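Note sheet for the following structure.
Just so you know, all these numbers are worked out from the coordinates, no wet-lab data involved. Bear in mind that the values here come from a model prediction, so they are computed numbers and not experimental data. Quick reminder, even Gly has a Cβ in these numbers, built from the backbone with ideal geometry, and neighbours come from all protein chains shown.
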Amino acid sequence: MIKNLKKNATVQLNPLACFPIELGGGQRRRVTGPTGYLTNDGVSFSTWRPSTFEERQAWYDSPRSKTITCDGELPLAPSTERVLMTRGNKYLVLKARCRVQLGMRGGPETGMAHVQCVETGENTYIKREFLEVL
């Protein structure tokens, strides 16, 4: 359980929860799952956020949406966008406790935090257990 995680707190990726032992973390193997995973470079942690209306509209306007699938149907726009969180970057907590629908299957993911990168301004959702308060 993470303590002192509240709105407007500054956080970073928790190396003990996100990274394997050979990369200076505390996990026995690479973290993978529906709410985030460690990328092959060992520095970035991949998370997701719901795509915006503008992103979905741009996808439908692109040539990729005009193809036909093997079932003879038009493909749907992606409902999520991938965001890379980098080790050592600082993030601002926008919501400390929330649940979010990521993808089209299952129900909303619980135990999430909504964070914003201080450097890039990119928003994403991540499990609270993967964060540590600075």
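Some points to look at:
- Sequence-separation-based contact order of the range 75-134, relative, with Cα cut under 8 Å and 6+ spacing, percent: 29 percent
- The chain: relative contact order in percent, alpha carbon pairs under 8 Å with at least 6 residues between: 31 percent
- Length added when fully stretched, Asn4-Thr110, from 0.36 nm per residue minus Cα-Cα: 36.3 nm
- At R0 = 25 Å, FRET efficiency that the Cβ-Cβ distance of Phe53 and Thr32 yields, to 0.05: 0.25
- Packing-based ranking, highest mean first, of 111-118, 68-75, 20-27 given that Cβ atoms within 10 Å are counted: 111-118, 20-27, 68-75
- Virtual paramagnetic centre 7 Å along Cα→Cβ of Asn123, amide N under 18 Å, in the range 1-21: 6-11
- Rounded to the nearest 500, the 222 nm mean residue ellipticity of the chain from helices alone is -2500 deg cm²/dmol, with -39,500 (n - 2.57) taken per DSSP H run of at least 4 residues.
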